[in-house]
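Reviewing the structure listed below.
Every number in this text was worked out from the coordinates using simple rules, so none of it is lab data. Bear in mind that the values here come from a model prediction, so they are computed numbers and not experimental data. Neighbour counts run over all protein chains shown; Cβ positions are idealised from the backbone, glycine included.
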Amino acid sequence: MQYIYLHGFASSPKSAKARYFSDRFTEIQTELKIPDLNAGDFSQLTITRQIAQVAAELPKDSTPVTIIGSSLGGLTAIHLAQQYLQIQRLVLLAPAFGFLSHWLPKLTDEQIQGWQQEKYLMVYHYEEGGLLPLNYNFVTDAAQYQEEILQRPISTLILHGKNDEVIPIEASRDFERSRPWVELVQLDSDHALANVMEEMWQAIRLFCQLL
């Protein structure tokens with residue numbers, strides 16, 4: 001089994017969760033690949049680019065894959081699994097279901113119009129600790145990724161904070177409700193899930209049968 005971790009939007013392989021899970025996998029002598037989804041050019045980020053990048057990381061033989069995805073990385077993971085049957089298990093941490101419907105309303109009409117006209121919007125990037133430009137193609141690309149098409153019955157564990165201020169837990173509840181192959185664990189946390197790392201690790205170990 002190959003394990004891959006996908007970080008969230010405007011994050012990096014150096015994020016707190018990525019480092020934490022990397023350390024835990026090292027302790028059990030299991031490789032966890034953590035690609036940098038910024039790919040050296042955050043400004044041209046799209047979900048389609050992320051999917052293509054991770055697809056290229058999949059083992060060339062028939063080795064099965066488990067993907068752990070955080071936020072937008074979780075959304076990317078589940079769309080990848082829809083296309084690549086080699087992916088046989090998913091762990092989604094506060095997955096960004098309905099990402100645009102939750103994110104865009106935080107921008108003013110003027111900001112969105114300016115983004116469309118000027119093609120770039122300055123977005124806070126957590127790893128860089130400052131603002132970076134993001135092409136409007138990110139929005140038009142993301143709009144095509146709808147949850148309704150995600151019907152592949154793949155073993156899926158969702159870990160989501162009940163106090164998530166970025167992606168409301170209702171998004172994961174709605175997703176799980178009509179998909180009996182999905183298990184949702186509701187945690188006393190927010191979007192960062194920083195206070196429940198150990199709890200998540202134990203749930204992941206059990207779900208993935210990691211000894």
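Stretching the chain fully between Lys14 and Thr26 yields a gain of 2.8 nm (0.36 nm per residue, less the alpha carbon separation). Note on Lys162: aspartates and glutamates with a C-alpha under 12 Å away, same-chain residues under 8 apart excluded, are Glu170, Asp188, Asp190. Here the spin labels are modelled as points 7 Å beyond Cα on the Cα-Cβ line, and at Glu148 and Asp36 they lie 3.9 nm apart. Contact order, relative form, for the chain: 21 percent (alpha carbon pairs under 8 Å, 6 or more residues apart, mean separation divided by residue count).
Subtracting the Cα-Cα distance of Glu170 and Gln88 from their residue separation scaled by 0.36 nm leaves 27.0 nm. When the chain is treated as a GNM, springs tying every alpha-carbon pair under 10 Å, which of Ile87, Ile67, Ile28 comes out with the largest mean-square fluctuation? In this elastic network of the chain, the residue with the biggest mean-square fluctuation among Ile87, Ile67, Ile28 is Ile28.
Hydrodynamic radius of segment 25-137 by the Kirkwood approach over all distinct alpha-carbon pairs: 15.8 Å. Summed over qualifying helices (DSSP H, 4 residues or more, each -39500 (n - 2.57)) and divided by its residue number, the chain shows a 222 nm mean residue ellipticity of -10500 deg cm²/dmol.
Using the alpha carbons alone, the radius of gyration of the chain stands to its Kirkwood radius in an Rg to Rh ratio of 0.95.
Across the chain, the longest piece that holds none of the GluC sites (Glu not before Pro) lying in DSSP loops with up to 13 other C-beta atoms within 10 Å covers 32-127. Each part reduced to its alpha carbon centroid, segment 105-172 and segment 77-96 end up 17 Å apart. Of the trypsin sites (Lys or Arg not before Pro) found in segment 9-106, those that fall in a DSSP loop while having at most 16 other beta-carbon atoms within 10 Å are Lys14, Lys60. Sites listed here are trypsin sites (Lys or Arg not before Pro) in segment 126-211 whose DSSP assignment is loop and whose Cβ has at most 15 other Cβ atoms within 10 Å: Lys162. Among Leu75, Leu134, Leu37, the largest mean-square fluctuation in a Gaussian network model of the chain (Cα springs under 10 Å) belongs to Leu134. If both residues of a DSSP beta bridge must be in segment 2-208, then about 20% of such bridges are antiparallel. Here's the list of lysines a cross-link from Lys14 could span, going by alpha-carbon distance under 17 Å and ignoring same-chain residues fewer than 8 apart: Lys33.
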